[in-house]
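Colleague: Here it is: the structure, laid out below.
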Amino acid sequence: MADVDVKQDGGDYKRRGRNNNRKRVYEDDDDDRDHYDRRGPPTQRRRHERSPRHRYEEPPRAKLRRLILNVASSAKLPEDEAAEIAAYLGEKYDEPGLVDDFFQLFIQLIIEQPFRIPVVAAVAFYGNYIKPEMTVDAVQAVAVKAQEALTAGNWRDFKQLLRCLACLQSVFEGEGVFALLRQLFDTVVDLQTANETDVVGIELVKIILLTIPYALVAGGDAFHDQARDLLKDTHIVAENMIPIEGMIAAYAGDTGAKPFEYHSLIGLLQKQLDSEAESGFELACILRFRPEVLRKEDSEEELLSAPPTLAFPAFDIPKPVNPGSKGVFPEAFFSVYANQETETVPNTTEIAGSLIRDVLVDTIDQLDFNREAVAKFLIDIDNYWAVNTFAKRGTAVDKLRENASDKAMWKSEDMLVDAIFSQMLKLPTPEHKLVYYYSIITQACKVAPAAIAPSLGRAIRFVYKNIDVMDVELVYRFLDWFAQHLSNFEFRWRWAEWANDTGLSNLHPKKAFIVAVLDKEIRLSFAKRIRATLPDAYHPLIPTSLDKDVPDFKYDNDQTPFAAEGKLLWQQFRKKEPDEVIQATIDEIHKKAEQFGIEDVLVPSTDAFVTAICRIGSKSLSHALSCVERGKERLMNIANSSDAARRQIVASVVEFWKDQPGVAVNLVDKLLNYTILQPITVVQWALEDHMGAGEALTQGWVYEMVSNTVAKVAKRNYQITESRLQKNLSQQQLEMVENAMMIGRTSSHELFKFIEDAVRGVAEGANEQLMEKQANGSLTEEEVLHLRAWAQRWYTTFERMAQVEKSVIGEEAIETKLKFMAAQPEPESHFEDVGNGMADGDGQV
Amino acid sequence: MAPIRTQSTVERLDRPSTYASSKKRRRNNRDDRDWSPDVEDKLKDATTLYVGNLSFYTTEEQIHELFSKCGEIKRLVMGLDRFQKTPCGFCFVEYYTHQDALDCMKYIGGTKLDERIIRTDLDEGFAEGRQYGRGKSGGQVRDEYRSEYDPGRGGYGRAHDAGIEEDY
């Protein structure tokens, strides 16, 4: 952590308003010693305390690294710090190797710590006055990397590097970065002309729009017209809505109850910039860097001579544009605080909202390898924006309301929580595994509990309030997070607030949410513990049967049909009796079943067999798996011989584990891995046998089982697709892969079709049981409406999943990728060697 | 594959702990066996994690619930008391991919399970025998001579015999 362990003066909360003592710029020696004392090896420190004359001098390389890594995180003004670094670098510029090292770090900072880009760029800006060579080298280094990112379709890196150049707008000749932005826009036009549902163009427009503000702040009034012209053009793309966007809205349904209408990220950006254009591009939140800081105290009279200008680096935009390795999707704006009564975060009309959000999101996504650093940087985010953008850290909302004067002061805690939530709840897929976002929230709460916890509480209440209309996938993500979050904080939550909702029908989205959260909490802990954290009103939701070590074995009850055979089978299987012995018992069940007139005798025997496996396996997951493995052959045979019997496998597992559905979901998942079950069987069981009048759709674990199954199929299909995109496949390999792809597409199509048909029946009120229960009054009108709304939300979610999968494995998608690959020049063979070599090195750093 | 970068601007949380290197050093000191590929090299593609500081009461299901958030789990081996064959506070979690194991280091190591902060470390892979505690009384060495009371790990330390080398 040493690198981020910067000056923490506790009162870092109050960086603003410290006295602006410019004298310190060139008096950094003392400060440095101070720094070093805290970090240097103790031996050296001791030596240096005793004989100050031989004081340890920090090597320039280390000093520069330290200075730039900590830039804008101390009590100094960012502009002073940037100038100081530029001065020091200028002084040591000729030390061998130093410059290369420095610029490597410079680039890394731009990519890994995007919140520092303006300050980092300012070093090069001041460098132009001190040693113009420095600026030339910096621009060159950034341009090379930016070109690489552009060529590779690595859009985020490209955006960040471009921002650094935009921050240097004043050092360039002529139009500077605007020429490139224009060039990029021409590419967008080409892309959109070729394909009107193109998404890469949308990404490029986003980059253009997010670059303009920085270029304007650095370049000044002279470029306002350029920006206006560009904005006129981007309009048409930014405000257009393509079909897939209809599926990535966080809130579903056409009920007027939506807390937020759908806004695309670029649509908002365009509007915000348009309104900035009207008000003369104030762009108040962005840090400013004035050349005057370079003037020394003793030479106040001396005017700075105008530094040289340089040509903007040339860029080559590849044709066709590389869409990048990750699928690009349009982005929806998401917020749990925006446009509310008290303006704790910028309103959606404010450009600051988009600019700060963008930086927060990039910081989160680029630094996933150190959540501790991310949490710290997010909490410190106010240090990297203009003074007075944010209220003092930890200001309570009611205080904020009181102080609300002419200019809004935003709450940095709300902004960072909002940013994390927007990524955790991003559709169609988050950038990283969900658990990463969970971990940053946990970390932020650990670092600044008093400041973050109230914000988080408000976010949770907002989502809960609107959970009825939220996308089902997002509800599931949210509850998964919520349970895990609570598990990190002694399961503390003000459950009393929602106690009234425990009286709601189980089909109500709020009640269903509570039930699902408690189940998840129990999975991470145990029933007794969770019960103890809840008010009495919740206790009926956690049945005492959960306190038993193992669930009931239904054949222990002699009233259960086939009780004797069920028990016998269990004993035989437990004692690992030979197969013939087990078969004899099963035959016995078949014989009896025939007498009872049961149509498919395999159903009761499968039930007995699977229940026995569950009973023996109930000791632990490992026990269960070893039982499944022992019974694998028999299970395979069952699954291959009758549809009813294979569905019974799922039914028996779920029935045995009905109080702990998490275990059932997990076992079903393993049965899929063993290919004992086919994906379609699981979905058929869940959304046909178990569907009822649609009640299944309200159960969190059913969603989990179905979505896990769908995800498993998708993952497999993605893998096959990837192997199709390998170069130099032989004819035989090609045929194999093509064939596998076809099978994959068919099974995925079949799966989605089944889900969509099943839920559509409920959504439209055509499901038989739904009609029956409605007619006989066992469901109230309100409940019927709930069920139909649930089904509608399921439909939207799975339709989106289908579309997303299609955008990767569909024939059209593959075609496009193959075409793109064919258009690329063959890489020289030594490239691959270098890649491997570096990867090896990476493991050893 | 993780992005190729020489050194990041902040420390990476998905590096193996010093345990792996100390183990390597110890082995090298003990004999001159040709330790190749060396441990660091083995961890390069590691898919297994050692998980420590679990409560003795934490179940496989709980571990599975948390750790499967980083990817599908291939195998889970509970650490057992050598004599009693009961959980003794550690386990091995094996994923299908190296990336999942790294993600687990980054996102789950250092967070809580069953209300204890758990520790994760990249591991060269489970081998039969490693599921047992190496302490004199059967559990983990750290529970032998612990002087604080830890209700989740059997109360006070069971013995104070030193001299046993701790392997987890």
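Colleague: Using a 10 Å cut-off on Cβ to Cβ distances, tally the other chain neighbours for every residue of B:64-71 and report the average as a whole number.
Modeller: So the per-residue partner count for this stretch is 5.
Colleague: Another question, if that's okay. Hey, got a sec? Which GluC sites (Glu not before Pro) in segment A:685-767 land in a DSSP loop and have at most 15 other Cβ atoms within 10 Å?
Modeller: Answer in residue order: A:GLU764.
Colleague: Expressed as a fraction of 2.2 N^0.38 Å, the rule-of-thumb size for a compact globular protein of N residues, what is the C-alpha radius of gyration of segment A:396-524? Let's see the in-between values first.
Modeller: On the way: Rg = 15.5 Å, N = 129, 2.2 N^0.38 = 13.9 Å.
The reported ratio for this selection is 1.11.
Colleague: Hey, got the average number of other protein chain Cβ atoms within 10 angstrom for residues in B:107-117?
Modeller: Average per residue, whole number: 6.
Colleague: I'd like the Karplus ³J(HN,Hα) series for segment B:7-12: coefficients 6.51, -1.76, 1.60, θ = phi - 60°, whole numbers in Hz, and an x wherever there's a Gly or Pro.
Modeller: Karplus-based 3J(HN,Hα) across segment B:7-12 equals 9, 7, 6, 10, 4, 9 Hz.
Colleague: What is the Cα radius of gyration of the protein assembly as shown over 2.2 N^0.38 Å, N being its residue count?
Modeller: Here the answer is 1.02, to two decimals.
Colleague: Hey, fewest Cβ within 10 Å first, where do B:THR48, A:THR780 land in order?
Modeller: Ascending number of Cβ neighbours within 10 Å: A:THR780, B:THR48.
Colleague: Take the eigenvalues of the Cα gyration tensor for segment A:135-260, scale each by 5, and report the square roots as semi-axes in whole Å, largest first.
Modeller: Result for segment A:135-260: semi-axes of 30, 17, 15 Å.
Colleague: Arrange the following residues from fewest to most other Cβ atoms within 10 Å of their Cβ: A:LYS727, A:LYS258, A:LYS511.
Modeller: Ascending number of Cβ neighbours within 10 Å: A:LYS727, A:LYS258, A:LYS511.
Colleague: Relative to the Cα centre, what is the charge dipole magnitude of segment A:596-703, using +1 at the beta carbon of each Lys and Arg, -1 at the beta carbon of each Asp and Glu, and rounding to the nearest 20 debye?
Modeller: My answer is approximately 460 debye.
Colleague: If the chain between A:LEU729 and A:ASP233 were fully stretched, how many nm would it gain, using 0.36 nm times the residue separation less the Cα-Cα distance? Working shown, then result.
Modeller: On the way: separation 496, 0.36 × 496 = 178.56 nm, distance 4.35 nm.
The span from A:LEU729 to A:ASP233 would gain 174.2 nm if fully extended.
Colleague: Using 1/(1 + (r/R0)^6) with R0 = 45 angstrom and r between the beta carbons of A:GLU431 and B:THR86, what's the FRET efficiency to the nearest 0.05?
Modeller: On the way: r = 41 Å, r/R0 = 0.92.
Efficiency computed from Cβ-Cβ geometry: 0.60.
Colleague: Still on this structure, I have one more. Just order A:486-494, A:550-558 by mean Cβ neighbour count inside 10 Å, highest at the front, would you?
Modeller: Descending packing order for the listed peptides: A:486-494, A:550-558.
Colleague: Let me ask another. For A:ASP501 and A:ASN339, compute 0.36 nm times the residue count separating them, minus their Cα-Cα distance, and round to one decimal in nm.
Modeller: Values: separation 162, 0.36 × 162 = 58.32 nm, distance 2.68 nm.
Full-extension gain reported as 55.6 nm.
Colleague: In deg cm²/dmol, rounded to 500, what helix-only [θ] at 222 nm does chain A give when every DSSP H run of at least 4 residues adds -39500 (n - 2.57) and the total is split over its residues?
Modeller: Rounded to the nearest 500, the figure is -19500 deg cm²/dmol.
Colleague: While we're on this one: Please pull out the direction-averaged projected area of segment B:75-137, using the convex hull of its alpha-carbon atoms, in nm² to one decimal place.
Modeller: The directionally averaged projection comes out at 4.8 nm².
Colleague: On alpha carbon coordinates alone, what is the Rg over Rh value for segment B:40-80, Rh being the Kirkwood radius?
Modeller: Numbers: Rg = 11.6 Å, Rh = 11.7 Å.
That ratio is 1.00, to two decimals.
Colleague: Could you work out how much longer the chain between A:ASP101 and A:ARG574 gets when fully extended? Use 0.36 nm per residue separation minus the Cα distance between them, nm to one decimal. It would help to have the intermediate numbers written out before the result.
Modeller: Values: separation 473, 0.36 × 473 = 170.28 nm, distance 6.59 nm.
So the extension gain works out to 163.7 nm.
Colleague: Next question, about the same structure. Among A:LEU474, A:LEU770, what is the fewest-to-most ranking by other Cβ atoms within 10 Å?
Modeller: Ranking A:LEU474, A:LEU770 by Cβ neighbours within 10 Å, fewest first, gives A:LEU474, A:LEU770.
Colleague: Quickly rank B:99-110, A:640-651 as a protection proxy: mean count of other C-beta atoms within 10 Å, highest first.
Modeller: For the peptides B:99-110, A:640-651, the packing ranking is B:99-110, A:640-651.
Colleague: Each residue of segment A:612-618 in turn: what ³J(HN,Hα) in whole Hz from Karplus with 6.51, -1.76, 1.60 and θ = phi - 60°, glycine and Pro shown as x?
Modeller: 4, 4, 4, 4, 6, x, 6
Colleague: About the Cα centre of segment A:96-174, what is the dipole size in debye to 20, counting +1 per Lys and Arg Cβ and -1 per Asp and Glu Cβ, all else neutral?
Modeller: 300 debye
Colleague: If you don't mind, there's one more thing I want to ask. What nm distance separates the two modelled labels at A:GLU629 and A:GLU738, each placed 7 Å from Cα along Cα→Cβ?
Modeller: A separation of 4.0 nm, rounded to one decimal place.
Colleague: Do you know the relative contact order of chain A, to the nearest whole percent, from alpha carbon pairs under 8 angstrom that are 6+ apart?
Modeller: Across chain A, relative contact order equals 9 percent.
Colleague: Please list the non-local residues whose amide H lies under 5 Å from the amide H of A:ALA332, H modeled 1.01 Å from N, same-chain partners needing a gap of 5 or more.
Modeller: Those lying under 5 Å, H to H, from A:ALA332 are A:LEU265, A:LEU427.
Colleague: In nanometres, what is the gap between the two model label sites at A:ASP552 and B:ARG130, each 7 Å from Cα along Cα-to-Cβ?
Modeller: If labels sit at A:ASP552 and B:ARG130, their model points lie 4.4 nm apart.
Colleague: Separate question: List residues of segment A:448-464, by number, whose backbone nitrogen lies under 19 Å from a label position 7 Å along Cα→C-beta of A:ALA257.
Modeller: Those under the cut-off are A:460-464.
Colleague: Arrange the peptides A:437-449, A:335-347 so that the one whose residues have, on average, the most other Cβ atoms within 10 Å appears first. If you can, show how the numbers build up before the last one.
Modeller: Numbers: A:437-449: 21.7, A:335-347: 19.7.
By packing density, highest mean first, the sequence is A:437-449, A:335-347.
Colleague: So, one more: Taking each residue in A:434-443, count the Cβ atoms of any other chain within 10 Å of its Cβ, then average. What number comes out?
Modeller: 4
Colleague: Treat each spin label as a single point 7 Å out from the Cα along the C-beta direction, and report the B:ASP45 to A:ALA537 distance in nm.
Modeller: Here the modelled spin labels are 5.6 nm apart.
Just so you know, all these numbers are worked out from the coordinates, no wet-lab data involved. Given the structure is predicted, the values throughout are model-derived calculations rather than measurements. Here the Cβ is made from the backbone with ideal geometry for all residues, glycine too, and neighbour counts use every protein chain on show.
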